[in-house]
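Trainee: Mind looking over this structure? Questions follow.
A short reminder: the numbers here are calculations on the coordinates, not readings from a lab. Because the structure is a prediction, the values reported are computed rather than measured. A quick note on method: Cβ atoms are made from the backbone with ideal geometry, for glycine too, and the neighbour counts reach across all protein chains shown.
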Amino acid sequence: MTTNQVLVRQLDTIDIGTVTAIDEKITGSYHPEEWERRIGYYLRRDPDAALVAVIDGEVVGFMLGEVRSGEFGLMEPTGWIEVLGVDPDHQGSSIGRRLAESLLEHFKSRGAVKVRTLVDEGMGDIAGFFESLGFEPAPLRPFVKLL
Ligand SMILES: CC(C)(COP(=O)(O)OP(=O)(O)OC[C@H]1O[C@@H](n2cnc3c(N)ncnc32)[C@H](O)[C@@H]1OP(=O)(O)O)[C@@H](O)C(=O)NCCC(=O)NCCS
């Protein structure tokens, strides 16, 4: 497979089933209602920041984010990459990179000066992906408390 076969376009509601299936392949869990709700949220917030990668008409990856400012005391407009997944059958073919490049271009066009994401330390493979894209650890500590 070559990367020039990959098309990145805006996610459409008709893609929800395929995104749900890709997530199921990655995680082993099937959550259609969750994806319907989650994708609806991103499409309402900023449809241009909800992207899918397509090869030969088939959706093989997705990336969702948005530009925010003011959260967590971070005043500068910041693009957040929040949800992503590439079909395991297509991983390692620069699809994630293509999705990120498109999303970062969009963030810049919306005035973002930085892009951030959060990676759970238990998801080491995603950290490696972001490091390859030039992301560095940030001095922003998450805090959590059981409820
Ligand atoms: C992380 C993920 C998006 C990467 O997508 P991908 O299409 O396989 O990645 P790419 O082929 O575009 O790789 C881009 C770069 O990241 C690196 N990379 C990708 N996966 C990596 C890994 N597991 N470890 C280290 N580096 C990795 C590649 O080596 C490549 O670097 P290079 O361009 O310098 O050679 C994909 O593996 C995935 O969907 N993982 C599961 C995500 C998940 O769990 N989502 C649910 C929570 S939101």
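Trainee: Take the Cβ-Cβ distance between Leu146 and Gln5 as r, set R0 to 35 Å, and report the resulting FRET efficiency rounded to the nearest 0.05. Numbers along the way, then the final one.
Mentor: Values: r = 46 Å, r/R0 = 1.32.
Using R0 = 35 Å, I get an efficiency of 0.15.
Trainee: Okay, moving on. I need the per residue convex hull volume for the range 3-132, using only the alpha carbons, in cubic angstrom as a whole number.
Mentor: Details: hull volume 14.7 nm³, N = 130.
Convex hull volume per residue, Cα atoms: 113 Å³.
Trainee: So what J values fall out for the range 96-106 if you push phi through Karplus, 6.51 cos²θ - 1.76 cosθ + 1.60 with θ = phi - 60°, rounded to Hz, Gly and Pro as x?
Mentor: Each residue's phi maps through the Karplus curve to give x, 4, 4, 4, 5, 4, 5, 5, 5, 4, 5 Hz.
Trainee: Return the whole-Å distance between the Cα centroid of the range 119-141 and the Cα centroid of the range 6-22.
Mentor: Answer, in whole Å: 24.
Trainee: Show me 52-60, 130-138 ranked by packing, highest mean number of other Cβ atoms within 10 Å first.
Mentor: On the way: 52-60: 16.7, 130-138: 11.9.
Highest-to-lowest ranking by the protection proxy: 52-60, 130-138.
Trainee: Still on this structure: Rounded to the nearest 0.05, what FRET efficiency do Gln91 and Arg45 have when you use their Cβ-Cβ distance and R0 = 30 Å?
Mentor: Numbers: r = 27 Å, r/R0 = 0.90.
Computed FRET efficiency for Gln91 and Arg45: 0.65.
Trainee: If you don't mind, there's one more thing I want to ask. Return the FRET efficiency for the residue pair Glu136, Asp56: r is the Cβ-Cβ distance, R0 is 35 Å, and the value is rounded to the nearest 0.05.
Mentor: 0.50
Trainee: Residues with amide H under 5 Å of Val115's amide H, sequence separation 5 or more or different chain, H placed in the peptide plane at 1.01 Å from N; which?
Mentor: Gly79
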